[in-house]
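What follows is one structure encoded as structure tokens, with my remarks underneath.
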Amino acid sequence: MRRLSTGFAAGAAGLCLLVALPAAADITLITHYTFANGDTLTRPSYYTSQRVRTTLPNGDEVIYDHKADELVYVDHAKQRYWQGRRSLADSLLRPLRAERAKEAGDSLASEATDRWRNIYKALTDSVRLEKTDQSRKIAGYPTSEWVLTAGSYLRWERWIARALDVADFTPELQNVVISSAMDPLGRGLMRLIVQGRETEGLPLAGRIEFTTLTRQGVVIWETLRVIPTKIPNDAWMPPSGYQRWEPEAATK
């Protein structure tokens, strides 16, 4: 598989799955993604009342242990992972983001300008969240559609299964997902998504149309199967053969 595109899309779908974690039982979601550059990926995500493992739409994974407050960030493209306290994870994304931007030939000069701040301020006044009259079954579960819009920069459609009992770990993990976006407007859009997450149930499908300072595109994902059986212990381990990564900023 080719290197997946990064930026705003790198965290948005991952956040949609993180906003709702099953509270009572082990649940595995088999999810199919279509990325902004046309690449596709099908991979399981795992949820319990204390742990989650989910795929971000750049192909990376996040594994989080709530009880230990420990996080693993898996970079599949370079076959490496970072593991440590959640409080250190935010600093991990800074060198990772800069590294990927350099490889992609992108400039982060916009970090030093006020342009994105002006756009973001205007967008906060145009945010709309509404439940439509559309419904459909996904992986055997009835779902209802919710749509969040922010001007011409963001349209986020979610299909929510309210029948799935969930607990919310978003406050603990949202900063990691937001930080995975490469440009500052992308991170601002992610914050708007967090503001629009106040709906009960588990998102089983979605579509994001986005425009940031450096990218635009569409990301689509849909759950193919919901498996309510015990999750094996090795689901919480980094892939075998991957190297542990310790960027300087994450060790301070």
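The rows are residues; the columns are (1) at pLDDT 75 or above; (2) outside any loop (DSSP other than H, G, I, E, B); (3) among the β-branched types (Val, Ile, Thr).
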position: 147; (1), (2), (3): yes, yes, yes
position: 152; (1), (2), (3): yes, no, no
position: 155; (1), (2), (3): yes, yes, no
position: 163; (1), (2), (3): yes, no, no
position: 188; (1), (2), (3): no, yes, no
position: 205; (1), (2), (3): yes, yes, no
position: 210; (1), (2), (3): yes, yes, no
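Being part of a helix (DSSP H, G or I) and either exposed (fewer than 10 other Cβ atoms within 10 Å of the Cβ) or without any contact (Cβ under 8 Å) to a residue 60 or more places away in the chain (or both) is the filter here, so list the residues in segment 231-248 that pass it. Give the steps one after another, and end with the answer.
Filtering segment 231-248 for residues part of a helix (DSSP H, G or I) gives 233-236, 248.
233, 234, 248, listed by residue number.
Restricting to segment 47-71, what's the tally of residues that are over 14 Å from the mean Cα position of the chain (by Cα) and not small (Gly, Ala, Ser)? Break it down stepwise before answering.
Filtering segment 47-71 down to residues over 14 Å from the mean Cα position of the chain (by Cα) leaves 47-51, 65-71.
Subset that is not small (Gly, Ala, Ser): 47-48, 50-51, 65-67, 69-71.
The qualifying residues number 10.
Could you please let me know if residue 65 is of a type outside the set (A, V, I, L, M), in contact (Cβ under 8 Å) with a residue 40 or more places away in the chain and over 21 Å from residue 41 (Cβ atoms)?
yes
The values are calculated or read from the model by the stated rules, or taken from the named source; none is laboratory data. Bear in mind the structure is a predicted one, so any value in this text is a computation, not a measurement. All Cβ positions, glycine included, derive from the backbone under ideal geometry; neighbour counts span all protein chains shown.
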